[in-house]
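The values are calculated or read from the model by the stated rules, or taken from the named source; none is laboratory data. Keep in mind that what you see is a predicted model, and the values were worked out from it rather than measured. So basically every Cβ, Gly included, is an ideal-geometry build from the backbone, and we count neighbours across all protein chains shown. Note: areas computed on protein heavy atoms with side chains; ligands, DNA, RNA excluded. Shrake-Rupley method; radii C 1.70, N 1.55, O 1.52, S 1.80 Å.
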Amino acid sequence: MAVAVSSVAVASSAHADLTGPPGTSLKAAAERSGRYFGAAMGGDRLNDQGFLTIANREFDMMTAVNEMKPDATEPNRGQFDFRAGDAIYNWATQHGMRVRGHTLAWHAQQPRFWGSLSGGALRTAMIDHINGVMSHYRGKLYAWDVVNEAFAENGSRRQSNLQATGNDWIEAAFRAARAADPSVKLCYNDYNIENWTYAKTQGVYNMIRDFKSRGVPIDCVGLQTHFTGGSSLPSNFPTTLSSFAALGVDVALTEADVTNASATQYAGLTQACANVPRCVGITTWGIRDSDSWRGSENPLLFDRNSNPKPAYTSVLNALNAASTSVPGTSTPPSTPVSTPPSIPPVSGSPGACTATYRLTNSWGGGFQGEVTVANNGSSTLHGWTVRLTLAGGQTIANVWNGVATGTSGTVSVRNADYNGSLGANASTSFGFLVNGSTTTAPGGLTCTSS
């Protein structure tokens, strides 16, 4: 949103069953097709019984309004404070909900100390923040908005201190996020990307397409869906959703609110999601008009007295009429599937992998590099280790998609838990940040498989 206003998380919603009876709550109606219906919650609502009653009855996904943003979670460098975020997480999971994390990297609501940093120092601080926050919530959340609102209206990158660290800062954030938590969905989130022909929409689409083509880890795109009288539901909204989904990512409506809670627009955005198999769910930014950052426009599904509006009924009906299910949520077969016999893994012979380095970004005082690990053998590799030697005065500040031993001189990087298995002719990559006065490429690259 553009203004400030354990154990694994609760299991996913009920299996899709479009033949079952209509749902009588938003979450029940959404769950019929394997989707979720969520809301945003600020810490001040933890003592608001009216809010909590509706949240518990109607919603199965929760997003913290401000409590998981960078300034809230890292008020001082290296000093993290998760109390406010944990309070929302704990309440939500105790009431059977999953949680979306919002957000890790953004041009707004940054830790104050970021304002004194630039270049490689700021890039390192961003990645350190991602690592710190995601390690705390590792394995607990449904999704993270890794990067928020990084595009300008003309489809170019928004000018910000993060953008000034290099055009690959978003890629670096996503790679760091995947290394920090292999299981959570990684999302890009933005507003005014609902109209397919709009320049900003195309800018984001082209970035996602590029990421998917190069193996940059990204799992979903969040469309905030703040509709007003001046930017109402576009007729090509279904095209937007299906076009993003065709890239191989989930889509979600993440911050929905509509001027005067137009029942027609709410029904339209819900129907558009319900008709796209990879549209996984809808979140409204608040529950009652009194919770909204746009409160004077009365944009939510419940009024200030906690009563549902006509828009609520239109959304409920559209969810119950969903004709498509989210892939992977269909009802499982009643006959158990037998477990195949255990077959010992076949390992590639040592030396069957190769490592290739490229410089991806540089600045005064440091650079970012990437190593591609390729399996050139005919059998599957089940692990790999790359050794490289840094030039004098260079030290590694951070590594993602790999686990490093050593920070200077000869450094060893082995695969992460999720990218060690490489089939014949397959490849993966890891990235790293180096502090130093030169961009001299690492030497002596070797790759050993196991």
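Which of the residues belonging to segment 90-112 are assigned to a helix (DSSP H, G or I) and buried (at least 16 other Cβ atoms within 10 Å of the Cβ)?
W91, A92, T93 - these are the residues of segment 90-112 that are assigned to a helix (DSSP H, G or I) and buried (at least 16 other Cβ atoms within 10 Å of the Cβ).
Hey, could you check segment 385-400 for residues that are at pLDDT 90 or above and part of a strand (DSSP E or B) and say which is farthest from R123 (Cα to Cα)?
If we take residues in segment 385-400 being at pLDDT 90 or above and part of a strand (DSSP E or B), then T385 is farthest from R123 (Cα to Cα).
Residues that are closer than 30 Å to A121 by Cα and open to solvent by 10 Å² or more (accessible area, probe 1.4 Å): find the helices (runs of 4 or more DSSP H) completely inside segment 163-270 holding 3 or more of those. Let's see the steps before the verdict.
Working: elements: 169-180, 199-214, 237-246.
Passing ranges, in order: 169-180, 199-214.
Restricting attention to segment 271-290, and to residues there that are open to solvent by 30 Å² or more (accessible area, probe 1.4 Å) and of a type outside the set (S, T, N, Q), which single residue is farthest from N317 (Cα to Cα)?
Here the answer is R278.
Is there any pair linking a residue in segment 7-31 that is modelled with pLDDT under 50 to one that is part of a loop (DSSP other than H, G, I, E, B) and surrounded by 18 or more Cβ atoms within 10 Å (Cβ to Cβ), with Cβ under 7 Å and at least six apart or on different chains, and which?
Every condition considered, the pairs that remain are V8/K140; A9/K140; A9/L141; A9/Y142; V10/M97; S13/G34; S13/D60.
Mind counting the residues in segment 294-324 that are among the polar types (S, T, N, Q), assigned to a loop (DSSP other than H, G, I, E, B), at pLDDT 95 or above and open to solvent by less than 70 Å² (accessible area, probe 1.4 Å)?
Of the residues in segment 294-324, the ones among the polar types (S, T, N, Q) are 296, 298, 305-307, 313-314, 317, 320, 323-324.
Applying the additional criterion that residues be assigned to a loop (DSSP other than H, G, I, E, B) yields 298, 305-307, 323-324.
Right, trim to at pLDDT 95 or above and you get 298, 305-307.
Still in the list and also open to solvent by less than 70 Å² (accessible area, probe 1.4 Å): 298, 306.
Final tally of qualifying residues: 2.
Yes or no: V258 in contact with a strand residue (DSSP E or B) (Cβ under 7 Å, 6 or more places away or on another chain) and either within 22 Å of S213 (Cβ to Cβ) or modelled with pLDDT under 95 (or both)? Before you say what the answer is, go through the steps one by one.
On the way: in contact with a strand residue (DSSP E or B) (Cβ under 7 Å, 6 or more places away or on another chain): yes; either within 22 Å of S213 (Cβ to Cβ) or modelled with pLDDT under 95 (or both): no.
For V258, the condition - in contact with a strand residue (DSSP E or B) (Cβ under 7 Å, 6 or more places away or on another chain) and either within 22 Å of S213 (Cβ to Cβ) or modelled with pLDDT under 95 (or both) - is not met.
Matching residues to (1) open to solvent by 10 Å² or more (accessible area, probe 1.4 Å); (2) in the same structural domain as T270 (by the TED database); (3) out of contact with any His (no Cβ under 8 Å at 6 or more places or on another chain):
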{"site": "R32", "(1), (2), (3)": "yes, yes, yes"}
{"site": "D44", "(1), (2), (3)": "yes, yes, yes"}
{"site": "N56", "(1), (2), (3)": "yes, yes, no"}
{"site": "K69", "(1), (2), (3)": "no, yes, no"}
{"site": "G78", "(1), (2), (3)": "yes, yes, yes"}
{"site": "D81", "(1), (2), (3)": "yes, yes, yes"}
